[in-house]
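The values are calculated or read from the model by the stated rules, or taken from the named source; none is laboratory data. Predicted model only: the values in this text are computed from it and were never measured. Here the Cβ positions follow ideal geometry from the backbone for every residue, glycine too, while neighbour counts run over all protein chains shown. The area values use the complete protein model at the heavy-atom level, side chains included, leaving out ligands, DNA and RNA. Shrake-Rupley method; radii C 1.70, N 1.55, O 1.52, S 1.80 Å.
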Amino acid sequence: MRRRLPDSRRSCSSYRFSLLGRKGKWRTALRSTPINYVSLVEPIQLPPPFTLVRLRESGDAFAHACGIAPKCGAGTLVCVGRFDLAEFAVVLEPGELLSTARRAFYAGMVALTDALRAYAPPNKTVAISWPGSVEIDGGLVGGGRMGWPSSARENEPPAWLVFGAMIRTVAMADQGPGVHPLASALDEEGFGEAGAVQVTESFARHLMRAIDRWQVDGFDSVARDYLSRVPRERRTVLSIDESGDLLTRQVGTGKVERSELVKALAKPSWLDPKLGGPRT
């Protein structure tokens, strides 16, 4: 059974506050949203300043968030009502140039992995494969991605950014263990009752903490948190530059390898376009 929410398109904003960081400004806002149809399922409790937009199971949270971002703005969190997948996307409004604002992707990844760590069994390792794949004990469970206006220029602040994520909560394949040894799901990793609702709520709380840490201590603190979750080869040092690129330095050789964030975000390695979800 579904119910129709009241039409609230006449008022698109009711509250706003700013987070002023050393390297720029980030705004989040409570916003009203267009008409939506919501399943009468387990409620999702989000802290201010988030506003929830809940889609039907066939919806696409990332695409929908990018579509409504110009109108409904920062703090809008779109999620899809699926029991096998935690799928959500949040709108951000950076106050710095696009070339540096994309580093918000790393704050989103820190929040996403922190959300999973909050429910992980003590013996489970939640890791990131650069830039956006999330793995639990080596098994891919999902990842994060980022979008921005196609007309945005590198040397100007974008009107919006969208950080989107998918985490496989339940293994749907009925092919037996070992068929997809590189893929996993939260239920297979012993996460108990942690499902889409719990992951989404936890992400929202941890995203606020990550942005606050950026505000107080600068981006370097976010970068350190992120890089602490990325496995690395021996005798290498990882860092993230102002454009968000990953720099890998070989100790003792002076050799530095650059991995470009923009190129990596163009085609998320963890996402299967045909499945519309994490790779198996």
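Per-structure values
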read-out	value
Average Cα contact separation per residue, the range 80-231, under 8 Å, 6 or more apart, as relative contact order %	35 percent
Net charge over other residues, Cβ less than 12 angstrom from the Cβ of MET166 (K, R count +1; D, E count -1)	0
The range 51-142, relative contact order in percent, only Cα pairs under 8 angstrom and at least six apart counted	17 percent
Exposure of THR280 as accessible area (Å², to 10), given a probe of 1.4 Å and all protein chains	90 Å²
Residues of the range 113-260: accessible area per residue with a 1.4 Å probe, Å²	49 Å²
In order through the range 187-198: 3J(HN,Hα) via Karplus (6.51 cos²θ - 1.76 cosθ + 1.60), integer Hz, x for Gly, Pro	5, 6, 9, x, 7, x, 8, 6, x, 4, 5, 5
Reachable aspartates and glutamates, given that their alpha-carbon falls under 17 Å from the alpha-carbon of LYS267 and they are not under 8 places away in the same chain	ASP60, ASP245
Peptides 131-137, 63-69, 150-156 ordered by average Cβ neighbours within 10 Å, highest first	131-137, 63-69, 150-156
